[in-house]
Amino acid sequence: MSLFVTFEGPEGSGKSTQARLLYESLHARRYPVILTREPGGTRIGDLIRRIVLDLQHTEMAPTTETLLFSAARAQLVSEVIRPYLEQGGIVVCDRYADSTYAYQGYGLGRDLAELRMITAAATGGLRPDITFYLDISAEAGLERKRRRHAGVRPTGQRSVEQEEWNRLDARELEYHKRVEAGYRELIAQDPERWRVLDARQSIEALAEQIAAIIEPYLASIPRLEAVP
Ligand code: TYD
């Protein structure tokens, strides 16, 4: 058995932090686990990421954008995700195909049936076993991300690490609201797979809930041998 877990949510929902914490806790317990993200996660995918998120690429056509995200995904699935799942491992991925439906489908108004075909070609039909949705309104999420980008901590202090502010973050609030509404539709269409969590909770409280949801799935995953 293997396990494919994805994290979704609007900008600033904290999903990358939770994906990392889940990965770290499983790794510490010697489960075979990898952490990856979209767009990116491979050498080719990282190059595509630079093209697709570059703030200067204002002329990018929606079809180009859709195909670039899908191309990065195709590479990630064939190079990383599928081989690892075939070995019986756990893959934790920060964003996956649902992001394309939410951002390019509901956000940009691309035809959903066409996106499903493109996605099927890119992934070979590979779907996550569980998808966590970190639920926060588009406004609140963007505000969080803006503050982090400016290097302002919740305490008001400036931090050294500034978060990236990319071409898609820069789209207007209405776009992000459509993305959020899109996620709600996707969740309603496939409620078995999604686990919706309130992203306004503390990092620790969220991590505990995620760990509790994952626990029953771990029974079928053998742990790695301890190094003597
Ligand atoms: P990133 O900096 O990784 O942001 P986040 O922390 O929110 O994941 O940027 C990824 C951006 O790309 C984000 O705005 C969502 C967008 N995106 C799509 O529009 N379509 C997709 O298929 C994927 C994977 C991401």
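Within region 3-220, DSSP assigns beta bridges of which about 5% are antiparallel (rounded to the nearest 5). Please tell me the relative contact order of the chain in percent, rounded to the nearest whole number, where contacts are Cα pairs under 8 Å and at least six residues apart. Relative contact order here is 33 percent. For region 42-128, carbon and sulfur atoms together expose 56% of the accessible surface, with a 1.4 angstrom probe and every protein chain in place.
Got a sec? What order do F4, F69 fall in by accessible area at 1.4 Å, biggest, i.e. largest, first?
Working: F4 0, F69 25 Å².
Largest accessible area first, the residues go F69, F4.
Here the Gaussian network model covers the chain, with springs between Cα atoms less than 10 Å apart; of T100, T63, T123, T63 fluctuates the most. With springs only between Cα atoms under 10 Å, which of V92, V179, V80 fluctuates most in a Gaussian network model of the chain? So, out of V92, V179, V80, the one fluctuating most is V80.
I want to verify the translational diffusion coefficient of region 3-220 in µm²/s; compute it with Stokes-Einstein, Rh as the Kirkwood radius over Cα pairs, at 10 °C and 1.306 mPa s. If you can, show how the numbers build up before the last one.
On the way: Rh = 17.8 Å.
The calculation lands on 89 µm²/s.
The values are calculated or read from the model by the stated rules, or taken from the named source; none is laboratory data. Given the structure is predicted, the values throughout are model-derived calculations rather than measurements. The area values use the complete protein model at the heavy-atom level, side chains included, leaving out ligands, DNA and RNA. Shrake-Rupley method; radii C 1.70, N 1.55, O 1.52, S 1.80 Å.
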